[in-house]
Amino acid sequence: MRIASLNMQNLRLMPGGALFGARDRDDVEDAGLDWADRRLTADLLAQANADVLALQEVFDADSLNAFHERFLVARTGPYAHRLCLPGNDGRGLDVAVMSRRPWDAVHSHAGLSPVDLGLSTPEGMDPQAPVFRRDCLEVRFGALRLFVVHFKAPYPDAARAWAVRRLEAKAVSRLVAEAGPLWLVAGDLNEPDGDNRAVGPLEAMGENLMQRLPRNDRWSYFQSQEKYRDTPDGLIASPLLAGQLRGIAPRVLRIGMGHEAGALGAARLKGTGYHRPHASDHAAVVLDLPGL
């Protein structure tokens, strides 16, 4: 099995029927590049050639299906099994999964609260409110349980956001503790690369396979306004799975990012611009799971 994770950067089917491009919702960038963005998103996923796609920032099932039918299927063949359930993001940016193979079970954890999981909450946080800012979507393939996540972004209040991510990480830790020996958490952890990590309790449950890459080669995100790179995307494997993957590291596919993100002349998909068109402001992260 091959799994790829990608933050789709605002994949949304608009009221007029067009798909929103890979750009922030409130920006003033050229909407005329939206179609080219989504063509590049599909080209990137075709290069990943994954059996299972763990996706973030998908507005809803209609948006996911429109992207699949208009852009992806011609490049990859069908992902017959697709799911995007409503989460807790007020803007409608949910997590999603597309798979070439059927899953055995799927379960949304969007409704879970800290009280449900026996977790204490930071001051000022409602212990009965949903613990996940989007969802923790659990998908089972045989013995493997995949958890697709998208944690709280580190703004506008970085300290408060850290506390929210810490609570989300503790919540996922409770779920994987009951998931059996083979599990993988994939998605946008929104955690800056460095020490004192909010997601530390979850990483302590297994191994973040992104850290098998050299620090200067694990970055998967480029922030164009402030011009910095970081590694918010994670693949956290259970101890047993990490052991089975000894010697295997994820691949970070930056070929769909704007040329601004990397050295001049670095490999890019045909048609990628300096800033846009691009597939996303995130790279795709790809992991091979031999024998699964």
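The values are calculated or read from the model by the stated rules, or taken from the named source; none is laboratory data. Keep in mind the model is a prediction, meaning the values are calculated, not measured. Quick reminder, even Gly has a Cβ in these numbers, built from the backbone with ideal geometry, and neighbours come from all protein chains shown. Surface accessibility is based on the protein's heavy atoms, side chains included, excluding ligands, DNA and RNA. Shrake-Rupley method; radii C 1.70, N 1.55, O 1.52, S 1.80 Å.
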- Item | Separation of the A143 and L117 label points, Cα + 7 Å toward Cβ, nm | 2.6 nm
- Kirkwood Rh and Cα Rg combined as Rg/Rh, the chain: 0.94
- Task: Hey, for a label at R215 modelled as a point 7 Å past Cα toward Cβ, could you say which residues of the range 229-257 have their backbone N under 13 Å away?
- Result: 231
- Diffusion constant of the range 138-292 at 25 °C, which comes from Stokes-Einstein with the Kirkwood Cα-pair radius and 0.890 mPa s, µm²/s: 150 µm²/s
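Suppose we keep just the DSSP beta bridges with both residues in the chain; what percent of those would be antiparallel, to 5?
About 75 percent, rounded to the nearest 5.
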- Task: Only helical DSSP H runs with n ≥ 4 go in: add -39500 (n - 2.57) per run for the chain, normalise by residue count and round the 222 nm mean residue ellipticity to 500 deg cm²/dmol.
- Result: -5500 deg cm²/dmol
- Message: As I understand it, the value is the acute angle between the Cα axis of helix 34-48 and the longest principal axis of the Cα atoms of the chain; what does it come to in degrees, rounded to 10?
- Response: 60 degrees
- Task: Translational diffusion coefficient, Stokes-Einstein: compute it for the range 174-221 using the Kirkwood radius over C-alpha pairs as Rh, at 4 °C and 1.567 mPa s, and state it as an integer in µm² s⁻¹.
- Result: 106 µm²/s
- Note on the structure: Partner lysines whose C-alpha sits under 24 Å from that of K270, ignoring same-chain residues fewer than 8 away, are K227
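Would you calculate the convex hull of the Cα atoms in the range 43-124 and tell me its volume per residue in Å³? Before the final figure, lay out each step's value.
Working: hull volume 10.3 nm³, N = 82.
For the range 43-124, the hull spanned by Cα atoms encloses 125 Å³ per residue.
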- Å³ per residue enclosed by the Cα convex hull of the range 1-87: 96 Å³
- Enumerate the amide H contacts of R133 below 5 Å, restricted to partners 5 or more residues apart or on another chain; note that Pro and chain-start residues carry no placed amide H. K152
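Can you divide the C-alpha Rg of the range 222-265 by 2.2 N^0.38 Å and report the result to two decimal places?
For the range 222-265, the normalised Cα radius of gyration comes out at 1.59.
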- Item | Kirkwood hydrodynamic radius (C-alpha pairs) into Stokes-Einstein, the range 154-198, 10 °C and 1.306 mPa s, D in µm²/s | 136 µm²/s
- Message: Test of understanding: extend the Cα→C-beta vector of K270 to 7 Å, then name every residue of the range 14-45 with backbone N under 14 Å from that spot.
- Response: 40, 43-44
- Which three extents, in whole angstrom, do the alpha-carbon atoms of the range 83-200 cover along their principal axes, largest first? 41, 31, 30
- Calc'd 3J(HN,Hα), the range 231-244, phi into Karplus 6.51 cos²θ - 1.76 cosθ + 1.60 (θ = phi - 60°), Hz, glycine/Pro = x, comes to 10, x, 7, x, 9, 9, 9, 4, x, 5, 5, 4, x, 5
- Item | Candidates G194, G87, G180, ranked by Gaussian network fluctuation over the chain, Cα under 10 Å, top entry | G194
- Task: Measure off, as a whole percent, the carbon and sulfur share of the 1.4 Å-probe accessible area of the chain, all protein chains present.
- Result: 51 percent
- Helix 158-177 sits at what angle to the longest principal axis of the chain, using alpha carbons and giving 0 to 90 degrees rounded to 10? 70 degrees
- Once label points are set 7 Å from the Cα along Cα→Cβ at both R246 and A158, what is their separation, rounded to one decimal in nm? 3.9 nm
- Query: Dividing the Cα radius of gyration by the Kirkwood radius, what Rg/Rh value follows for the range 189-248?
  - Reply: 1.01
